[in-house]
Amino acid sequence: DYDSDLSFKELGEKMHEMNQKNAEIDMMKEMENYRKEYIGNISHELKTPLFSMQGYIETLRDGGVEDLSIRDKYLQRIDSSVERLLNIVKDLDMINRYESGQIDLKYSIFDINLLVQEIFDLLEMEGEKLAMTMQLQTTQPQLFVSADKQRISQVLINLISNSIKYANREEAQIIVSTREGTKSIHISVEDNGMGIKPENLPRIFERFFRVESSRSRKEGGSGLGLAIVKHILEAHQQTIAVESTYLSGTKFKFKLTKSTPSIKKINGISIGN
Ligand code: ADP
């Protein structure tokens, strides 16, 4: 009858309300856990180089090291710990600025192929003396995009240095491909390295997430590289995709807005850039 109908309805509403409250509590708990994990991760990241510095400084101060070359080695290690800390703080600062929307992009039109070549040269110069090949595969000699050049070079540097870091092969091969679509330029960075297990794949863009923490730490990673890549591309209204086969290789893909080089006219003569 009508009465019991109403109480059913009321019961339903009450249940709905309770479910909503529970969902809110769950979300708050989740956020709290996330915050705890985040702060835990930061302090862990900072502790490692600090403890290492403390160790070397104590040894040097106690005067136990007479051999000058060993003293030099210890000082170098302190130096690299300081650099490591500075890099972590810089990365954190960058992420914070992205997350609070404080980043203004400086758009310009540039040839992405040229940028890739410049980054290859830079990384080769930094003395990555592995047995590896870095190769650009492209459909056209020049492909122009409209984007923030400095930040896109950060994206490429982070992706290519990861490919180098996780290459771990006799013959590491890194291929950057660029091709023209209708509105976009498609870019991918592919390696034949250790790959990522499917269960870890959705988490690699999280701040501080690492698959194999000890190894990545040894390689000097902070676990922030891919989080920064994702933020930079999001600021460009783009996304990043990843495909990986465990123990066989990984491919990161993203797009940028296609453009044509601006033409400057000087004394009636057209000059492209
Ligand atoms: P990290 O400083 O640890 O390299 P990133 O944010 O750049 O931090 O990467 C997060 C994790 O994703 C890495 O620790 C690594 O486990 C995994 N990863 C990233 N790029 C690759 C790659 N090219 N091949 C295999 N694993 C990768």
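The values are calculated or read from the model by the stated rules, or taken from the named source; none is laboratory data. Predicted model only: the values in this text are computed from it and were never measured. Every residue, glycine among them, receives a Cβ derived from its backbone with ideal geometry; neighbour counts consider all protein chains shown. Side chains included, ligands, DNA and RNA excluded: accessible areas come from the protein's heavy atoms. Shrake-Rupley method; radii C 1.70, N 1.55, O 1.52, S 1.80 Å.
What the phi angles of segment 192-201 give under the Karplus curve with 6.51, -1.76 and 1.60, with θ = phi - 60°, is a coupling list of 10, x, 6, x, 10, 5, x, 5, 8, 3 Hz, glycine and proline written as x. Equivalent ellipsoid of segment 1-91: semi-axes from √(5λ) of the C-alpha gyration tensor, largest first, are 63, 10, 5 Å. Direction-averaged projected area, Cα convex hull, the chain: 25.5 nm², rounded to one decimal.
Here the Karplus curve 6.51 cos²θ - 1.76 cosθ + 1.60, taken at θ = phi - 60°, turns the phi angles of segment 177-183 into couplings of 10, 9, 8, 8, x, 6, 10 Hz, with x standing for Gly and Pro. Taking label points 7 Å from Cα along the Cα-to-Cβ direction, Ile39 and Val65 give a separation of 3.5 nm.
Working note: Karplus 6.51/-1.76/1.60 with θ = phi - 60° gives segment 91-106 the couplings 4, 4, 4, 4, 4, 4, 5, 5, 5, 9, x, 9, 10, 9, 7, 9 Hz, where Gly and Pro are set to x. Amide H contacts of Ser184: Lys258, each under 5 Å away and 5 or more positions distant or on a separate chain (H built 1.01 Å from N in the peptide plane; Pro and chain starts excluded). With the simple model of a label 7 Å out from the Cα in the direction of the Cβ, Gln137 to Ser259 spans 2.8 nm.
Using a simple spin-label model with pseudo-atoms 7 Å out from Cα toward Cβ, Ile109 and Glu199 lie 5.0 nm apart.
Which pairs break 30 Å Cα to Cα here: Lys73/Lys251; Lys73/Lys149; Lys47/Lys197; Lys47/Lys106? Those over the limit are Lys73/Lys251; Lys73/Lys149; Lys47/Lys106. In the chain, the calculated helix contribution to ellipticity at 222 nm averages -18000 deg cm²/dmol per residue, counting -39,500 (n - 2.57) for every DSSP H run with n ≥ 4. Over segment 77-142, one equal point on each Cα, no solvent: what is log10 I(q)/I(0) by the Debye formula at q = 0.13 Å⁻¹? One equal scatterer on each Cα of segment 77-142 leads to -0.69. The residues of the chain expose on average 65 square angstrom of accessible surface per residue, using a 1.4 Å probe on protein heavy atoms.
In nm, what is the difference between 0.36 nm times the number of residues separating Glu170 and Thr245 and their Cα-Cα distance? List each step's numbers first, then the result.
Values: separation 75, 0.36 × 75 = 27.00 nm, distance 1.80 nm.
So the chain would gain 25.2 nm between Glu170 and Thr245.
Relative to the present Cα-Cα distance, how much length would full extension add between Asp79 and Asp93 at 0.36 nm per residue of separation?
2.9 nm
Taking amide H as placed 1.01 Å from N in the peptide plane, Leu143 has its amide H under 5 Å from the amide H of Ile112, Asn113, Leu114, each at least 5 places away in sequence or on another chain. When +1 charges are put on Lys and Arg Cβ atoms and -1 charges on Asp and Glu Cβ atoms, the dipole computed for the chain relative to its Cα centre reaches about 880 debye. The GluC sites (Glu not before Pro) of segment 1-93 that DSSP puts in a loop, and whose beta carbon has at most 16 other beta carbons within 10 Å, are Glu66.
Taking the DSSP bridge list for segment 76-201 and keeping only pairs wholly inside it, about 65 percent are antiparallel.
Just checking the listed ones, Leu60, Leu233, Leu114: in the Gaussian network model of the chain with Cα springs under 10 Å, the one fluctuating most is Leu60. Applying 1/(1 + (r/R0)^6) with r as the Cβ-Cβ distance of His186 and Lys14 and R0 = 51 angstrom yields a FRET efficiency of 0.45.
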